[in-house]
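So the structure is just underneath, and the comments pick up after that.
None of the figures in this text is laboratory data; all of them are computed from the coordinates on show. Everything numeric here is computed off the predicted structure, so don't read it as measured data. Glycine gets a Cβ as well: all are built from the backbone with ideal geometry, and neighbour counts include every protein chain shown.
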Amino acid sequence: MFKYFMLTSLFLSFLYGCSSSSPFLADVRNEPVKVVLEDQITKDKISYLGRFLMESKDRNALLARLMKEGQAGCKECLFASGYTLYSTSGTLGGMGLGVGLMAFDLGSDIIDIFVEWGALDRISGFAMPEIFMGQSVQSETQAWQLAVSHTERQLKKAANATGYSVRCIAGCEDGRRIYELKLVNDRDNSRYIFQPGKIALITDYGEMKKIERPHVLDTASLDFVPAYQTIAGNQWVFRMFGEPNLDDNGDIIVESGKYGIFFRAKQGMEGTEVQRDIMRFMTDDGGYMYFGTDKAYPNYIAYRGNLYSYSIKMESKFINSTLIER
């Protein structure tokens with residue numbers, strides 16, 4: 001027992017000692033404050049958007065409760081925002097019971113497949129109304145092009161706000177793209193503890209599907225009637241990594257593997273303040289994009305410029321706070 005205690009103490013001392021010399025570990029330890037979220041309507045909206053982070057039992061319980069409240073004509077629930085329960089036909093999940101597929105490679109072939117009885121580690125999606133950015137959307141191809149253009153504008157805004165320039169460096173006409181974020185501000189004057197000189201960002205922009213019969217829960221959660229939408233799950237993928245491998249010219253080395261283009265990097269960015277801020281700025285767009293991760297600490301769902309967090313992935317105790325940086 002004594003030996004075990006000593007080994008544990010030595011490990012913790014090593015870990016915390018390293019954090020004092022490692023900007024990344026110091027940044028991750030400087031976690032944001034969780035502020036209790038009181039508004040039940042907001043809780044329900046974000047819980048619905050992030051439902052695929054839950055196991056199917058809790059996901060189905062959430063959907064059943066929301067539908068029951070809507071049918072009862074509630075005054076303080078998801079439908080109180082003005083969208084009423086006009087149809088109960090079809091499945092509770094609408095587009096939400098489809099299969100989401102996400103695959104990318106960062107040195108080894110990794111494929112994450114969602115099946116309807118499981119939970120995802122990350123979620124993402126994009127939805128748009130019939131009139132989007134002043135244009136009448138007439139096809140799935142047009143919807144995808146508009147969604148990607150909008151996302152890249154938001155990425156540029158997020159990069160500029162956090163001290164970076166951004167450019168696409170590979171796959172720039174495809175769904176899978178690699179972007180380089182290059183630090184342009186003086187790191188010594190940065191508010192971030194960990195801010196790498198270069199961040200490599202990989203995307204998988206999924207298909208935009210025409211929604212013939214929008215589900216009432218999608219409409220109530222988004223506050224608009226979606227005309228085009230990604231399949232529920234993880235279909236608008238964004239992953240960021242610091243300190244990517246560079247060639248002799250200082251450019252990110254892009255490789256090609258079984259699942260397409262990829263890069264190698266030394267450090268993931270989840271759990272850092274700059275990554276959280278980028279997601280805040282990315283999703284501060286009127287409610288068209290959302291991203292969520294169960295792999296960062298604290299975990300969060302980014303939507304409308306806010307980060308919403310949870311402690312337990314249960315229907316009755318899911319979204320319960322917002323994240324505020326120290």
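Here are the numbers for this structure:
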quantity: Spherically averaged projected area of region 149-203 from its Cα convex hull (nm²); calculated: 3.7 nm²
quantity: Cross-link partners of Lys210 among aspartates and glutamates (Cα-Cα below 15 Å; sequence separation of 8 or more within a chain); calculated: Glu130, Glu140, Asp218
quantity: Taking region 244-326 and dividing mean pair separation by its residue count, relative contact order in percent (alpha carbons under 8 Å, at least six apart); calculated: 17 percent
quantity: For region 130-266: Kirkwood Rh in Å [reciprocal of mean 1/r, alpha carbons]; calculated: 16.9 Å
quantity: Rounded, prolate or oblate (a/c below 1.5 giving rounded, otherwise prolate when a/b exceeds b/c) for region 199-326 by Cα gyration tensor; calculated: oblate
quantity: Translational diffusion coefficient (Stokes-Einstein; Kirkwood radius from C-alpha pairs) of region 125-174 at 37 °C, 0.692 mPa s, in µm²/s; calculated: 267 µm²/s
quantity: Approximate shape of region 181-235 as ellipsoid semi-axes (Cα gyration tensor, √5λ), whole Å, largest first; calculated: 39, 15, 9
quantity: Cα shape, region 221-272, gyration tensor, a/c 1.5 rule; calculated: prolate
quantity: Net charge of Cβ neighbours under 14 Å - reference Ala61; Lys, Arg +1; Asp, Glu -1; calculated: +2
quantity: Within straight-line cross-link reach of Lys295, lysines at Cα separation under 18 Å, skipping those fewer than 8 residues along the same chain; calculated: Lys34, Lys266, Lys313
